[in-house]
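Below is one structure; the comments refer to it alone.
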Amino acid sequence: MRHSLFNFLYGRGGIWTSDRSGETSNSPWAWDNLITNTTKYMMTFSDYPYYPDTPEYMTRDALGKYYRSYAEHFGLTGHIQYDTRVLKVRKTPDHSSTGQWEVFTCPTSQFHGGDKRCGLAVSEEDLNRCHKEVFDVVLVCSGNFKRPLYPEIPGLHSFPGVVKHSFDYKSGVPYKDKKVLVVGNSFSAGDIATDISLYTEEPVDLSIGKGTWINPRVQHGCLSADRSFSRHLLYGQSEEKVNNFLIARCQKHFDHIGARINPELPPSKSPYMMGDDIYLKILTDQIRFQDRLVRFNGSTAEYKNGVKTSDIDAVVFATGYAVNASFVDLDIVFENGRMELYNRMLPLGEKHCTCIFIGFLGGDGPVGPAVELQARYAARLITGKLQPPSRETMEKNIQAIDSIALRSRGKYSYHLPLFVMGDLVAQDLGVYPSFWRVFVRDPVLAYRIWYGPIFSAQYRLLGPDSDWDKAREMLYRAHQVRIINPCSRAMVKVRRDDITAARKRQLLWVACSVTVVVALGYFGRSKYWPEALNFRFFRTA
C-alpha cells in the first residue's frame, strides 16, 4: 500500500496551484474585480468560522485568505504537492482485486504555456515520461469547468480579432479601449461584461441568446440574496410561487420584460445572472443587450433580430463547459451529457468505491456546502464508517437527479439545484438538520433552519462529526450579525420636523381607522353579534 489518499486531483492540463499562495492560475473566475455570488456563510466551511472582519460578499483575496488559513489551521499544507499536473488516472493491472489506481503526474514547468484544458489525448510515450504512483483511493476534484464549450457560429473563422472563452479570462486590462462582444446569459457573461466596461469607453455588447433574469446580490434592507432562500421556500411552496417570488424580485430592480431580455420560461427553468453594477452599466449605455448571435462577417456580428454590430475587436464566449472526465479510466459521461454518478460522486457499476468524484456539479446556488458534504461522505466511506450504497439505491438516485436536471434544463446537465443536492447528500450522511430533532433542543434554531437561510454550519448540528455547541454559536452569529458595519458615531434618530400638523392629523386618523377595523374584526368572531348588525362580510355560513 503506497498511499491511502490522493486529495484534490486535477485533470489533464489541470494545475494544482501556480504558487504557494494557493491561487489557481487557470481559474475561470480569477479576474481582478471578482466578487463572489454567494455570501460568506455559504462560502466558508461548516467547521471553521470566517474572520470577524470578513465582508458579507467575499472578494477573491478574502476567499483565498480564508482557504489558506483553513489549510494551515488543520495542517494540510504539508500534504499538498504544488506545481503538479495530472495527465492520467487509470486502473492498475490487478484493480479488480485491489481497487488501486495508477496516477501519472509531471511538473507544471514541463508544460509551461501549453493547453490547460482537460480531455486531451495522452499517448503511452507521454505517460512514460511522467512520474507514476499507485494509490488506494483517488478523489477527483477537478469539477466541470475545464473543457470550454464554443457555439458553432457561421463565419467566426473570418473574424480578425481576438476570440477567448471565459475559461481564459483574467482581467479586462487587455480589452482597454477595444470594442468587445460578450456572448452568454449566465453568471460569467454578466461579470465579464461588467468588468470589461471598466476599461473601455466603447459600449460592451452582451449577446444573451434565449434571454436571462438578472438577480441582484443586494436585496431589500441591504440583505444578501442568499438570505431570501429557505427550505420552506424550496420544499414548502409550489414551483409557481417560487417563480412568482423570483420574477417579482428581478422585476423590482429592472424591467426585464420591457427591456425584452427575459427568457420565455420562468427562472426555475431559465438562465440567470447575479449582479448589481450591471444595472447602472445598462442605464449609462456601457453595456448593451443584443439578441442571439447568428453569424460573423469579418469584424461585423449579426444577431437574430437583424441588428448588426461592426468594427468588433474581441469576442469573449461565456458559453459554459462540457462535462469531461476522460483523464480517468472510467466511462461515466455519455455523449448526451448524462453522468452515471451516485449523488454525483460514486461511479455506477464499479466493484470498488475507490474513485470518488467531488464537485462535479454546478447550479443555482452556492456550491460550497454541497461539495463539503460530498467530501465528508467520501471520508466516512474511505474509512469504513459508512457502507457503500447498493446498486439499486444508486440507480434510483441517478434517475432522480436526472429527472431534476431534465425538468429544470430540458436536458442532462450538471446544472442542478445545489441546496437540494446538499440536502440529498446530508440525508445519506445522516447530518440533515431535521426540524423536529433540532426543535426538541432549540425551537428558535429549528424555526430558523426551516424558514431562514441555509447555512453550511447547519450540517454540523446532528449526526456524525457534529458539534452542536460550536455550530449553534456560528448559526446564531450568522443571524445576529449586522450586514452593514455601523459607524463609530452614537446612534442618532431621524427627527422629522418637515412633517406638518396636517400630516400628523392624517396619520392619527389612519391609526384610528385601523384600530376600528381591527376591533370590528375581533368582536366579529362572536356567534350572534355579526347577525345582529347584519354585516354581510361577517355573516357565518
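With only alpha-carbon atoms in the gyration tensor, what are the semi-axes of the equivalent ellipsoid for the range 348-427, in Å, largest first? Mind showing how you got there, number by number?
Details: eigenvalues 96, 50, 20 Å².
Taking √(5λ) for each eigenvalue gives 22, 16, 10 Å, largest first.
Per-residue HN-Hα couplings for the range 353-367, Karplus 6.51 cos²θ - 1.76 cosθ + 1.60 at θ = phi - 60°, whole Hz, x for Gly and Pro?
8, 10, 10, 10, 9, 10, x, 7, 7, x, x, 9, x, x, 7
For the range 295-334, go through all pairs of different Cα atoms, get the mean of 1/r, take its inverse, and jot down that Kirkwood value in Å. Don't skip to the answer; put the middle values down first.
On the way: mean 1/r = 0.0740 Å⁻¹.
Computed over the range 295-334, the radius equals 13.5 Å.
For the range 156-317, build the convex hull from the C-alpha positions and give me its volume per residue in Å³.
Each residue corresponds to 123 Å³ of Cα convex hull volume.
Using θ = phi - 60° and the Karplus form 6.51 cos²θ - 1.76 cosθ + 1.60, what ³J(HN,Hα) does each residue of the range 137-151 get, whole Hz, x for Gly and Pro?
For the range 137-151, the Karplus curve yields 9, 10, 9, 8, 10, 7, x, 9, 9, 10, 10, x, 9, 10, x Hz.
If amide H atoms are built 1.01 Å from N in the plane of the peptide, which residues on other chains or at least 5 residues away come under 5 Å of the amide H of CYS355?
VAL138
Take LEU156, LEU341 and order them by how many other Cβ atoms sit within 10 Å, fewest up front. Before the final figure, lay out each step's value.
On the way: LEU156 16, LEU341 22.
Listed from fewest to most nearby Cβ atoms, that is LEU156, LEU341.
For the range 295-382, run through the trypsin sites (Lys or Arg not before Pro) and keep only the ones in DSSP coil with at most 16 other Cβ atoms within 10 Å of their Cβ. Provide the component values of the computation, followed by the final result.
Details: sites: ARG295, LYS304, LYS308, ARG338, ARG344, LYS351, ARG376, ARG380; in loops: LYS304, ARG338, ARG344, LYS351.
Here the sparse-neighbourhood loop sites are LYS304, LYS351.
Using the number of other C-beta atoms within 10 angstrom as an exposure proxy, rank VAL328, VAL218 with the fewest first. List each step's numbers first, then the result.
Values: VAL328 26, VAL218 14.
Final ranking by Cβ density, sparse to dense: VAL218, VAL328.
I need the peptides 254-264, 95-105 ranked by packing, meaning the mean over residues of other C-beta atoms within 10 angstrom, with the highest value on top. Please report the intermediate quantities before stating the final value.
Details: 254-264: 14.5, 95-105: 17.5.
Put in order of decreasing packing, that is 95-105, 254-264.
Could you put TRP213, TRP509, TRP450 in order, starting from the residue whose Cβ has the fewest other Cβ atoms within 10 Å? Display every interim value, and only then the final one.
On the way: TRP213 22, TRP509 10, TRP450 19.
Lowest count first: TRP509, TRP450, TRP213.
Starting from a Cα-only point model with no solvent, please compute log10 I(q)/I(0) by Debye for the range 289-400 at q = 0.14 1/Å.
Here log10 of I(q) over I(0) equals -0.70.
Which order, highest average first, do 381-392, 280-291 follow once you tally other Cβ atoms within 10 Å for each residue and take the mean per peptide?
Values: 381-392: 12.4, 280-291: 16.3.
My ranking of the peptides, most packed first, is 280-291, 381-392.
For the peptides 296-303, 71-78, 44-51, what is the packing order when you average, over each peptide's residues, the other Cβ atoms within 10 Å and list the highest mean first? Let's see the in-between values first.
Numbers: 296-303: 18.0, 71-78: 11.4, 44-51: 19.6.
Put in order of decreasing packing, that is 44-51, 296-303, 71-78.
Values in this text are rule-based calculations from the coordinates and carry no lab data. Computed from a predicted model, the values in this text were never measured in an experiment. Cβ coordinates were reconstructed from backbone atoms using ideal geometry, including for glycine residues, and neighbour counts include every protein chain displayed.
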